[in-house]
Structures are given as structure tokens and as C-alpha cells.
Amino acid sequence: MPRATPDIPNASMADIAFLLLVFFLVTTTVANDRGLAIQLPPPPEALPPDMDIKIQERNLFKIQVNSFDNVLVEGNPFFGTPSELRDMIKEFVLNNGADPNSSDTPEKAIVSYKTDRGTSHKKFIEILDAAQAAYYQIYADRADVSVKKWLELSSDLANPENKRLYDIGRGRRPDGTVEIPMNLSIAEPTKAGGK
Amino acid sequence: MSKFKKKANVKQEIPTSSMPDVVFMLLFFFMVTTQMRETNINVKQQLPEATQLKKLARKSLVAYMYIGEPKKTDEWGKEPKIQVNDVFIEPKDVIQWVNQEKAKLQEFERDQMTVSMKVDIDAKRGIIADVETELRKANARLLLYSTLQRRVDN
């Protein structure tokens, strides 16, 4: 008597696999963990109460956005593209005292960014992106890498080579201070346009 | 004698025996890369676009917060709300939430926690600033505005 050969029917295997495949295709979400990174200042209580910092007008680059998403740059209405704004900020930071109305040194230069409560998040991100782009381009140029590479290396400073390039880009001095710190001040929004 | 030979009979079948293998390979790819979403997002989420994106190095150190107009406007109104985990919270509850999230981490990692804010493009700056003020008080100062990559670079 011939022995019964045990075999699993495999005609439906492809169907089962397809079914599973479709399930995972539908449920999968591409994780989006990318965005604009900032560091918030310490809480107001932690600052000394009578701290009065004098900042010269020339060292401030003021960007204001109102609740209709209109932009004022240094007191003048701004209708240009984000990349134009980026170039203006770059010029301001790297002025080094050349233009008497622009910054003294990159270290003293401050980009002040103020919005209303009614400003949309979209506009806020657009301007923040331009301001960060200006600084990242400066850093990347100094470290002689592409901006993309700079963004990658600055999020992984455990790697000594990345740390080295990072310090070159920002101009870290031996005492720990930085030649070109990203002085980006995001002010508390004014009341207009919000509840 | 015909000038043209009859065409040889060519088999016109695609070999299907390797199909299960191919499909399984795709299946494994999606099984490995898939991430089950543990929370249902109850607010509108159309993220803004930006160019200077940074990637978060360690996902375990990230706490997510969603801000936007509620999807069920008849129940929750049209004003943008803050969602964490599965509930809506008010800005004053943010400190408590941060402490809960920090308690999940190892002690030495707590000051490296990043808050990833997924904010809808139509949300206003006001509510976000309120949250930021609370985050400063809670000493969770690393912040990431989650955005998409803008395709055309000007």
C-alpha cells in the first residue's frame, strides 16, 4: 500500500500572503519625526528679575507678523519670498560692522521674531524656517559641507567627526563660547487677533 | 512551399511559481517597517511645510502633542484644542502631562526629552504660545515643530 504523501495545499498561499500584505499596506503610516527644532528659553521665574539688557538697535533684526499674516521686517512691510528674507538675515548676521546700521559682530546679532496671537502656524513656520535656514547656511559654508549634511551631523553630535565639523561651523572658541550663536529670539505674542 | 514559416508556438505564460515568494518579501518589508499608531488623532492634522528639517535621533525620548481644530466640531467646537495620548487637555494641564511623560524615562534621560508638536496649519499662534509657556515652566525646553519637507527648494 503506497504511503499517503502529506502535502499542504499551497495554491492559496499567495492569496493569504496578499491579504496580509494589503492589511499592512493599509495600516502602515510612515512615521514623520522631522521638523524644526528649537530650544525654549528658561522659565521667566528663573531669570533675575531686574535683569535689564541693553541691546543696540543695530544689533537687532526685527521680524514682526500680525494676525493677518502680514510681515514687517525692520519696520518695513515685506512682500518677498522666504529665500529673500533668508538672504537678508544672512547679510545682517555676517555684517561684522561694515554697515553702520547692521550688526557689529555675528555674536551680538539677534534676530527678534514677534508674532500676534492670531498669526497662523503656517506663517510662523515659514518665517522660522527662513531664519533657521540663514544660520544653517552660514554654518554649513564655514564647515564646508552641504546644508543637508549639516542638518544631519548636528543631530548626531556623539560622533567625534560630526562634533568637530559642528564646532568649526559655529566657531567654538576654546573657552566654550561660540562666534556665531543662533540668536533667535521668539517673543511672547501680542494679544491681537487671539482670544 | 510557403515563403513564410509558421511562427513557432511560443508559450505565453508568466511563471507564477515565484509569486508567493515575491509577495512574502513585500509582506515582510511592510511588517518590519510598519508602526501601529497607538493613539487616535482627534484633531485636524495638516502639517506645515519647511525646508530645514532635523530628524529626531531617539524616538523613545519624544513626547507627542497634537494641536488643531477638533474633527468632531459639533461636540468640541471649532477652536483648536490640544490633544495628548487620547484626551484633550487645557494649557494648564501641560505641566502635569510633561511630568507623566518624564516619569516614563530613565532618570538620566529626562532632561533630553523632546516635545514634538504636531500643529495644524490653521491653528493660531496664541494657543501654541500658551503651551510653550507651560513647557518652559515644566522645564521641557527641547521642542520640535513637526513639519513636512517642502519639495521645491527656492
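General observations
- Test: residue in the range A:92-110 that is within 14 Å of chain B (Cβ to nearest Cβ), surrounded by 14 or more Cβ atoms within 10 Å (Cβ to Cβ), closer than 21 Å to B:GLN52 by Cβ and not basic (Lys, Arg): no
- Evaluated against (1) within 18 Å of A:GLN39 (Cα to Cα); (2) facing another protein chain (nearest Cβ under 8 Å); (3) touching a helix residue (DSSP H, G or I) at 6+ places or on another chain (Cβ under 8 Å), A:VAL147 falls short on exactly one condition, (1).
- Qualifying residue in the range B:62-77 (condition: within 12 Å of another protein chain (Cβ to nearest Cβ), without any contact (Cβ under 8 Å) to a residue 40 or more places away in the chain and not in a strand (DSSP E or B)): yes
- The selection criterion, being part of a helix (DSSP H, G or I) and either under 14 Å from B:VAL131 (Cβ atoms) or of a type in the set (Ser, Thr, Tyr) (or both), holds for B:GLN96.
- A:GLU179, sole failed condition from (1) within 24 Å of B:SER146 (Cβ to Cβ); (2) touching a residue at least 60 places away in the same chain (Cβ under 8 Å); (3) among the acidic types (Asp, Glu): (1)
- Matching residues in the range B:46-58 - criterion: being part of a loop (DSSP other than H, G, I, E, B) and surrounded by fewer than 17 Cβ atoms within 10 Å (Cβ to Cβ): B:GLN46, B:ALA57, B:ARG58
- Among residues of the range B:8-34 that are free of Cβ contacts under 8 Å to residues at least 60 places away in the same chain, those with a beta-carbon under 8 Å from a residue that is part of a loop (DSSP other than H, G, I, E, B) and surrounded by 13 or more Cβ atoms within 10 Å (Cβ to Cβ) at least six positions away or on a different chain give the pairs B:PHE30/A:THR28; B:THR33/A:THR28; B:THR34/A:THR28.
- Residue satisfying condition, being surrounded by fewer than 18 Cβ atoms within 10 Å (Cβ to Cβ), without any contact (Cβ under 8 Å) to a residue 60 or more places away in the chain and not in a strand (DSSP E or B), within set B:ASP130, B:ASP122, B:ASP111: B:ASP111
- Considering the range A:111-132, and only residues there that are assigned to a loop (DSSP other than H, G, I, E, B) and surrounded by fewer than 23 Cβ atoms within 10 Å (Cβ to Cβ), the residue that is farthest from the other protein chains (Cβ to nearest Cβ) turns out to be A:GLY118.
- Candidates B:GLN83, B:GLN96, B:GLN45: the one that is more than 9 Å from chain A (Cβ to nearest Cβ) and out of contact with any Phe, Trp or Tyr (no Cβ under 8 Å at 6 or more places or on another chain) is B:GLN96.
- When A:LEU21, A:LEU47 are checked against the criterion of being modelled with pLDDT of 75 or more and either surrounded by 12 or more Cβ atoms within 10 Å (Cβ to Cβ) or closer than 30 Å to B:ALA140 by Cα (or both), A:LEU21 stands alone in meeting it.
The values are calculated or read from the model by the stated rules, or taken from the named source; none is laboratory data. The shown structure was predicted, so the numbers you read here are calculated from the model rather than taken from an experiment. In this analysis, Cβ positions are derived from the backbone assuming ideal geometry, glycine residues included, and neighbour counts consider all displayed protein chains.
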